[in-house]
Amino acid sequence: IEVEFEHQSKLEYSRKLRGVTLSHPKALKALLLKFIEYTILSRASVAEAGEESRTPARLRKVAHNAKSAVIIKGCLEVFKTAVSIVDEVDMILDPLRSEVNFPVGTKENLQPKDKRWFFAEHMMRAWLLVEATCWKQMRGSTLRRMEAMLHCTHEVEQTYGIEASTILEKLCGVIHKGLEHHSLQSEPHLLVVSEAFYHTSIKPLLAQWAQLWIRREQQGHTLKAILDAADICAYMMRYPGKEEPLHARVMEALGSAHGQLGLMNLGHTWVNVLLPHVLSKPVRVAYGVITMQEWKAVLNAAPQSPVSRFKLAVPFVGKDMPSTSSEFAQPDVAIGFTILAFHYQGLRQ
């Protein structure tokens, strides 16, 4: 539905008479997102406008986007002096449960591109490997999954050496301790319950696990200096201040290496922010990949649904209830949830 000047006039008239305007909360949020979308499109059109692209159709589209942005801005300004009474505010303000949380604008590759997936898979592998030790029922598909995990453990040891096995062994001990003290739970799968326990006990070991992959990546680049495992782990745990020796060592070694400092920052973000969030959400309750039957229902209701909702994990609004239109806005969160969802749910038939 296009927003016309008539809508703005009605809102201003209602405010002038101190009237009451009834609306679905999603409509207001959609209005705000539409304003952002038109603003992005208008700026992109101006930036790309060259002599060869100034066709009448393109100029009409640019003018339409700019006009729509101005009208929506006027509508939103009306609410600055209004009082809003919102029902089910916990549902409306939660970006993971809201039905109008979706990306807008042109899609761009984020650096370091495919390595974001490789690093996320590496971090999830440690969690899934130690989870295998917590399974109590060893029959059917669970047994086959256990065999696959044991094979994966041998593969990890061949790739990263005995250090990887040592880290996994220590992590297993921490996981068992967390389960005993109810800081973790094993049903429906291994989940972080206490974020404090994660940061004090699990994070140091996952920082060591992260440095295995980062050191392996750095071996293929010419660096001014070599960072040892302790420096990488320290950087994973927290960002050093500019006056600290660790900051000087990191910048000396990676400052001119293309993309290497970005990998260090990506690792820090995963260890400190993304993992405690992703590992605390139950599959098919907070996230999951939609089944073929669910995808067919989505296409029947909204034929223009993006294919990313089929290939990536999407937010769930309840048990076995995927959101009808929402997507995860943070790309690394989407990657992490997708890896876990396909592991727990399996590939589609």
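The values are calculated or read from the model by the stated rules, or taken from the named source; none is laboratory data. Just so we're clear, the structure is a prediction, and the values are computed from it rather than from any experiment. Cβ sites come from the backbone with ideal geometry, for glycine too, and all protein chains shown count toward neighbours. These accessible areas exclude ligands, DNA and RNA; they are computed on the full protein's heavy atoms, side chains included. Shrake-Rupley method; radii C 1.70, N 1.55, O 1.52, S 1.80 Å.
For ARG18, the criteria (1) open to solvent by 70 Å² or more (accessible area, probe 1.4 Å); (2) modelled with pLDDT under 85 hold in every case but one, which is (2).
Filtered by the rule that a residue be open to solvent by less than 50 Å² (accessible area, probe 1.4 Å) and assigned to a loop (DSSP other than H, G, I, E, B), segment 229-240 gives a lone residue, PRO240.
For the subset of segment 216-243 comprising residues that are modelled with pLDDT under 90 and of a type in the set (Lys, Arg), which member is farthest from the chain's Cα centre (by Cα)? Taking the candidates together, the pick is LYS224. Put simply, of HIS154, HIS182, HIS189 the only residue that is at pLDDT 90 or above and open to solvent by 50 Å² or more (accessible area, probe 1.4 Å) is HIS182.
When we screen PRO25, PRO95 for residues that are at pLDDT below 70 and surrounded by 12 or more Cβ atoms within 10 Å (Cβ to Cβ), the only hit is PRO95. Among the residues of segment 303-349 satisfying the criterion of being open to solvent by 40 Å² or more (accessible area, probe 1.4 Å) and among the small types (Gly, Ala, Ser), which is nearest to the chain's Cα centre (by Cα)? Top of the filtered list is ALA329. Residues that are crowded, with 20+ Cβ neighbours inside 10 Å and free of Cβ contacts under 8 Å to residues at least 60 places away in the same chain within segment 276-286 are absent altogether.
State whether the residues of segment 220-239 include one that is at negative phi, touching a residue at least 40 places away in the same chain (Cβ under 8 Å) and of a type in the set (Ser, Thr, Tyr). No, that holds for no residue.
On inspection, TRP295 passes the criterion of being free of Cβ contacts under 8 Å to residues at least 40 places away in the same chain, closer than 18 Å to PHE337 by Cβ, surrounded by 14 or more Cβ atoms within 10 Å (Cβ to Cβ) and touching a helix residue (DSSP H, G or I) at 6+ places or on another chain (Cβ under 8 Å).
Given the structure, is VAL70 hydrophobic (A, V, I, L, M, F, W, C), modelled with pLDDT under 80, in a helix (DSSP H, G or I) and within 36 Å of the chain's Cα centre (by Cα)? Taking the combined requirement at face value, the residue does not satisfy it. Selection of segment 189-228 for residues being outside any helix (DSSP H, G or I) and out of contact with any strand residue (DSSP E or B) (no Cβ under 7 Å at 6 or more places or on another chain) yields SER194, GLN219, GLY220, HIS221, THR222, LEU223, LYS224, ALA225, ILE226, LEU227, ASP228. For segment 300-345, the set of residues classified as closer than 15 Å to ARG284 by Cα and free of Cβ contacts under 8 Å to residues at least 40 places away in the same chain consists of ARG309, PHE310, LEU312, ALA313, VAL314, PHE316, GLY318, LYS319, ASP320, MET321, PRO322, ALA334, listed by residue number. When ARG216 is tested against the conditions (1) in contact with a Pro (Cβ under 8 Å, 6 or more places away or on another chain); (2) under 23 Å from GLU155 (Cβ atoms), the lone failure is (1).
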